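The values are calculated or read from the model by the stated rules, or taken from the named source; none is laboratory data. Quantities reported herein were computed from a predicted structural model and do not represent experimental measurements. A quick note on method: Cβ atoms are made from the backbone with ideal geometry, for glycine too, and the neighbour counts reach across all protein chains shown. The protein model used for the area step is the full one, side chains on, heavy atoms only, and it has no ligands, DNA or RNA in it. Shrake-Rupley method; radii C 1.70, N 1.55, O 1.52, S 1.80 Å.
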Amino acid sequence: SSGQSGYRFRLSLLLWSFGATSGIEAIEVMKESEKFEAFITSMHAWRRQPGDALQAVAETLKLPSSQAKLQQNQPPLWKAVEEKISKEAYGDALVEIGSALAAAKQASDKAGQALALYLESHVQVLQEDRKAIEGLSKSLEDVAHIYHEAGALEEEADVLKDLIEWHLVNSRKEEAEAAEKRLLGLISASQEEPYGLLKLASVHFAIGALDRAHGHVLQAVSGFASKGNKAGQAMALRAEAVLCLSQQKFDEGIKALQQAMQTQEIAEKANLQYGLSQIYCAMGGQGLNQAFAALKEGRSLMKQAGNEEGELEILQIIQELHMSSKQGAEAVAVGKEALAVTQASGDQKKEAQALLRLVSANLASQNDAEALKFAEEAEQKAHAADDITSEAQATANIGEILLRRGDRQGATSRCRQLLATCRERNHSAGQASAMVVLGSALLAENAQSAEGMRCLQDALRIYKSSDDFVGLYSAHFALANGFFTRGDLEDGLYHAREVLSCCRRNGDRVNEDLVKQNIEKARQMAAQIRMSQAKRPSIENAGILLSSSGPQACKIQQSRVPGSLLNVVAAGRNYWGTPRQVQNAAAEADDRPPSHCVVWSHPLSDCSPSQMCLDFMMLVGAMAKGDVPKLPIVVQTRGVMGRYTGDLTVGSMTNLQAVALWGLLRTVRQEIAGVSILALDFAPGMTTQQIPRQLKPPLGVAETAYYNKMRWEPQLAAVHSLLRRDLKRDNLAGGPQHDESSTKASTKFSRKAFSWTGPSTKMDFCWYRQEWKSVGAAEGEIIVKEPVVPVRSLRQY
């Protein structure tokens, strides 16, 4: 259920960030181009949100309820620009900034001028304006100088951090050291020097300079200790633990948190115990038991401090950790302890939430009877507490359990009742969950139910608008199964791929294997259906399940392509002059080669051979009509001719099924000669980026293969007669001789000796076979020399 899975996904995300393949560790091996793109996407993000990059990660080592939720006071101009950036209206944002800059200059407001220039550079970077990006360092220096004149030291320090990161990304160490020296001077002059050191450490942390970041963090720890700031010292030690974890130094990270625990209060010690549990989980193996011990110690500390909210939160985390470890009985036991705590408090809302967690634990343990009992009790408690969220979740769980038991009518009635209630109270999450269960129940009764598919589609749209990760993929899973049952393979595969990406991201191997099994069964089912029924049009593309309001309006009002690049492209376009206008296309149809083609790439994806050949026949039949322009058809396959070209890589069964298509298109060339068909076969290991780089075959070559970095063409080669290859030689006496070594010497005449083989026939010289010959390299330079400036938009391959 989506409401109770937040901790599970947050825990898995945190474990991933501290794992061996974490994003923190990947910063160390980041390429220069990737560093640049990372800076482009994260520029100024720290100033728009509280804290910085390092501190944001360090906050995850605290309980979610204890994490900092500070609100930063932003100027009105900043809020207005952010609103336009969110709508990708960069032109309107620049107009807003220009008017604010003019007003600040008229009022002699230095800080306002600096802010406007700062935001202007930010918007230009988002537009990927190369001129602005190349001059970004000078723009930031000018902004920092204006802030210095205005006496805004904090804003100047923030801009200097961006400047240091920009120099480090571009490998300008001397400029970065000069800017860092200037920033250290500002920090030492302020009263909050340790906080400034942590922010400077976050700059080095963001680009992967972990040693430099570690040094600044240690200075901040010493600074907080000298001032007796226990809260600041704990914050700095958490940052040190993050740096240790990013280098896979688990023992040092544990020591840092244990050091912070010595000087903190009881509630803060519980938070640190939670951080220790995260490190133990990241260690794996026996670390999981230590994680449970740390969480239990944190619970006892919360109980000792009389913090009921904290105790319930830790119990919930323990329960979710048991469930993620497939320990259903332990999860149920912890859930009952949490239920006892909520019952003692007398809060029905909390009691309903604890009951819902028990429902999830019992469902994970395959105990439907207990889960149904707790779900009905949770529904009553939530209704009494007027908690529509918990009530909707409990009712959806009841519908799921009834559907699992085979009570489809009961599940349908429950979900219809829930859907009406949620629509009346305008609760979108409850509507989506009710639609998922309702759609599944309707499809269980009738696999061709249009209402069931429409419910699932509407639920998917709601989940997309609300960014509900769990609900989104539950809707994808239900839609994939629905389409597979109907025989719509392509539509089902689209949703199944979304589910697979979710499972791989979260390490859910059970559901991943289940989806793969469903895909294989769906392929076999679709192949059987295509033998008796024609393929139906795509339901999603046909607009059957779309909303009555029609397609949504595009939010992008202006092009995101920078004007500088458009000028280059326009110059290259004008270089070639005005294109020739065809006055009479019909008169020149035979003289001019076709300017368009149809690329048929279905064999590169998942499909059944019967369906693939049927679709191709429908395309050829449509192209063969007299009123349709005769456009060439380019058929792309993969791994079909590898055996004949010496390729040792064996393609998948999905790719090898295209052999049937090759036989079909060769037949089509003979029967429908008016449709030109070009067949291209690529090696199984080629990526989608390598395929377009292969050289096209010359005019007149209808079949080409690309293997082992060579281009291959089929040729006909004569072979010996298949009828006479096993015929033995006869001697003069006549009759076949089975063993020539045992016979006497053949009779010799005075003039010559000859062997009696019989007369030759026309059937001896009509045997041929097809061979694939290498005719040249598969890749090469189409343009031998550089194009004439200003033609810069041409690709060099």
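Structure summary
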item: Long-range neighbours under 6 Å by Cβ, at least six apart or interchain, first residue within 11 Å of Lys381 (Cα to Cα) within the range 333-355, second of a type in the set (Val, Ile, Thr); result: Lys350/Thr342; Glu351/Thr342; Ala354/Thr342
item: Residue in the range 108-129 that is part of a helix (DSSP H, G or I), of a type in the set (Val, Ile, Thr) and more than 29 Å from Glu83 (Cα to Cα) present; result: no
item: Residue within the range 190-198 that is open to solvent by 50 Å² or more (accessible area, probe 1.4 Å), at pLDDT below 80, of a type in the set (S, T, N, Q) and part of a helix (DSSP H, G or I) present; result: no
item: Lys373 without any contact (Cβ under 8 Å) to a residue 12 or more places away in the chain and of a type in the set (Lys, Arg); result: yes
item: Of the criteria (1) without any contact (Cβ under 8 Å) to a residue 24 or more places away in the chain; (2) within 16 Å of Gly223 (Cα to Cα), which one Ala201 fails; result: (1)
item: Residues (crowded, with 20+ Cβ neighbours inside 10 Å and either charged (D, E, K, R) or within 14 Å of Glu180 (Cβ to Cβ) (or both)) located in the range 207-247; result: Ile207, Ala213, His216, Arg238, Glu240
item: Given (1) of a type outside the set (D, E, K, R); (2) under 35 Å from the mean Cα position of the chain (by Cα); (3) within 12 Å of Trp78 (Cβ to Cβ), number of the condition Ser121 does not satisfy; result: (3)
item: Filter pass, Glu703 being surrounded by 15 or more Cβ atoms within 10 Å (Cβ to Cβ), under 19 Å from Trp772 (Cα atoms), touching a residue at least 60 places away in the same chain (Cβ under 8 Å) and over 34 Å from the mean Cα position of the chain (by Cα); result: no
item: Candidates Ala459, Ala441 - the one that is surrounded by 24 or more Cβ atoms within 10 Å (Cβ to Cβ) and touching a Lys or Arg at 6+ places or on another chain (Cβ under 9 Å); result: Ala441
item: The listed residue being in contact with a helix residue (DSSP H, G or I) (Cβ under 9 Å, 6 or more places away or on another chain) and under 15 Å from Leu63 (Cβ atoms), out of Glu313, Glu351, Glu337; result: Glu313
item: Subset of the range 666-675 (residues that are open to solvent by 70 Å² or more (accessible area, probe 1.4 Å) and either small (Gly, Ala, Ser) or closer than 16 Å to Thr637 by Cβ (or both)); result: Arg666, Ala673
item: Test for Ala344: is it over 17 Å from Leu295 (Cβ atoms) and part of a helix (DSSP H, G or I); result: yes
item: Residue satisfying all of: in the range 676-700; of a type in the set (Ser, Thr, Tyr) and within 36 Å of the chain's Cα centre (by Cα); least open to solvent (accessible area, probe 1.4 Å) among these; result: Thr687
item: Residue list for the range 163-179, filter: open to solvent by 10 Å² or more (accessible area, probe 1.4 Å) and not aliphatic (A, V, I, L, M); result: Glu165, Asn170, Ser171, Arg172, Lys173, Glu174, Glu175, Glu177
item: Residue check for Asn567: under 26 Å from the mean Cα position of the chain (by Cα), at pLDDT below 75, open to solvent by 60 Å² or more (accessible area, probe 1.4 Å) and not hydroxyl-bearing (Ser, Thr, Tyr); result: no
item: Tally, over the range 262-280, of residues that are open to solvent by 20 Å² or more (accessible area, probe 1.4 Å) and hydrophobic (A, V, I, L, M, F, W, C); result: 2
item: Those strands (runs of 3 or more DSSP E) lying entirely in the range 633-724 with at least 2 residues farther than 30 Å from Ala622 by Cα and modelled with pLDDT under 85; result: 710-718
item: Selection count where residues are open to solvent by less than 60 Å² (accessible area, probe 1.4 Å) and over 21 Å from Gly135 (Cβ atoms), scope the range 105-118; result: 2
item: Search result, residues across the range 633-654 that are closer than 16 Å to Ser610 by Cα and surrounded by fewer than 20 Cβ atoms within 10 Å (Cβ to Cβ); result: Met653, Thr654
item: Index of the failed condition, Asp386 passing every other in (1) modelled with pLDDT of 85 or more; (2) part of a helix (DSSP H, G or I); (3) open to solvent by 30 Å² or more (accessible area, probe 1.4 Å); result: (2)
item: Residue pairs meeting the criteria (Cβ under 7 Å; at least 6 apart or on separate chains; first touching a residue at least 40 places away in the same chain (Cβ under 8 Å) and of a type outside the set (A, V, I, L, M, F, W, C), in the range 222-241; second open to solvent by 10 Å² or more (accessible area, probe 1.4 Å) and not in a helix (DSSP H, G or I)); result: none
item: Boolean, Gln657 is within 24 Å of Arg523 (Cβ to Cβ) and surrounded by 15 or more Cβ atoms within 10 Å (Cβ to Cβ); result: yes
item: The range 318-367: number of residues that are open to solvent by 40 Å² or more (accessible area, probe 1.4 Å) and not small (Gly, Ala, Ser); result: 13
item: Selection count where residues are charged (D, E, K, R) and assigned to a loop (DSSP other than H, G, I, E, B), scope the range 82-97; result: 2
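Conditions tested, residue by residue: (1) touching a strand residue (DSSP E or B) at 6+ places or on another chain (Cβ under 7 Å); (2) within 26 Å of Ser390 (Cα to Cα); (3) among the aliphatic types (A, V, I, L, M); (4) modelled with pLDDT under 85.
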residue: Gly439; (1), (2), (3), (4): no, yes, no, no
residue: Ala450; (1), (2), (3), (4): no, no, yes, yes
residue: Asp458; (1), (2), (3), (4): no, yes, no, no
residue: Ile462; (1), (2), (3), (4): no, yes, yes, no
residue: Asp468; (1), (2), (3), (4): no, yes, no, yes
residue: Ala480; (1), (2), (3), (4): no, no, yes, no
residue: His495; (1), (2), (3), (4): no, no, no, no
